[in-house]
Amino acid sequence: MEPGLQAKLLRVLQEYEIDRVGGTAPIPVDVRIVATTNRRLRDMVERGTFREDLYYRLTVVPVVLPPLRERRGDVELLADHFLTRHGTSGRRLSLSSEARAALAARPWPGNIRELENTLERAALLAGSPELGAGDLADRDAPSPRLGGGLAGLTVREVERQLIVETLARTNNNRTQAARLLGISIRTLRNKLAEYRGRGEIDPTSAASA
């Protein structure tokens, strides 16, 4: 946060009023502020990059949340929650004992977001209702393999097949498919429109819906 914006926020917290753009008088506000950060604000205060008065104004009731690697007991609870959230086609997914051990052993540098991404990917690509340790691919693992051989296919054909098969795996959920493919939803839409225009996919298929 830029120093000028820090000063404006401090004024809001001190005076409980804001100035509307183009307004002629301050507007009183009655709010509760919950601020979060992954930075060491005390160190930033000492370096002069964060206002000391704002620091003390925000840390009235500080709550420190340890990283996930220090809360091993939360990993299984969160994993079960994310499997329920990201299950597809009404399937009830579960984790094998080996999968639970694998989750507990990982350092999770990306914390809860990394855990959720791992479980969402596993839920989408799972071959059976019970996930094993092998289903929990590393976050940098390659995209799911295509069915059949690739010999004789052009790069463009491989790309199209990967997109179509990923959409099929996600029940035509474009948001999930784009995330798995590592592309934006806009890029996915453009690719599908391009394939339809060239007659490379069935206009009535789920992939073109």
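The values are calculated or read from the model by the stated rules, or taken from the named source; none is laboratory data. None of these values were measured; they are calculated from a predicted model. Cβ placement follows ideal geometry from the backbone for every residue including glycine, while neighbour counts extend to all protein chains displayed. Only protein heavy atoms, including side chains, enter the accessible area calculation; ligands, DNA and RNA are left aside. Shrake-Rupley method; radii C 1.70, N 1.55, O 1.52, S 1.80 Å.
Using modelled backbone amide H atoms (1.01 Å from N, in-plane), which distant-in-sequence or interchain residues come within less than 5 Å of L95's amide H?
Those lying under 5 Å, H to H, from L95 are L131.
Hey, what's the chain come to in accessible area per residue, 1.4 Å probe, Å²?
I get 67 Å² per residue for this part.
Using the Cα centre as the reference, give the magnitude of the dipole from point charges on the C-beta atoms of region 33-99 (Lys, Arg: +1; Asp, Glu: -1; all else neutral), rounded to the nearest 20 debye. Working shown, then result.
Details: 12 positive and 9 negative charges, 34 e Å.
So the magnitude is around 160 debye.
Under 10 °C and 1.306 mPa s, how fast does region 1-88 diffuse according to Stokes-Einstein, given a Kirkwood radius computed over C-alpha pairs? Answer in µm²/s, whole number.
After rounding, the answer is 97 µm²/s.
Express the C-alpha Rg of region 55-133 as a ratio against the empirical globular expectation 2.2 N^0.38 Å, rounded to two decimals.
Region 55-133 yields a ratio of 1.31.
Using 0.36 nm times the number of residues separating R71 and R189, minus their current alpha carbon distance, what extension gain do you get?
38.5 nm
With the contact rule set at Cα under 8 Å and sequence spacing of 6 or more, what percent relative contact order holds for region 1-89?
For region 1-89, the relative contact order is 22 percent.
Can you find, among T154, V63, G182, the residue farthest towards the positive end of the dipole of the chain? Put +1 on the C-beta of Lys and Arg, -1 on that of Asp and Glu.
Value computed over the given set: T154.
Given a 1.4 Å probe and heavy atoms of the protein chains only, how would you sort S96, S184, largest accessible area at the top?
Accessible-area ranking of S96, S184, largest first: S184, S96.
Please compute, for the alpha-carbon atoms of the chain, the extent along each of the three principal axes and give them in descending order in Å.
If we take the Cα atoms of the chain, the spans are 67, 48, 34 Å.
When the accessible area of region 56-107 is computed with all protein chains present and a 1.4 Å probe, what percentage of it is carbon and sulfur?
Details: 1980 of 3440 Å².
Here it works out to 58 percent.
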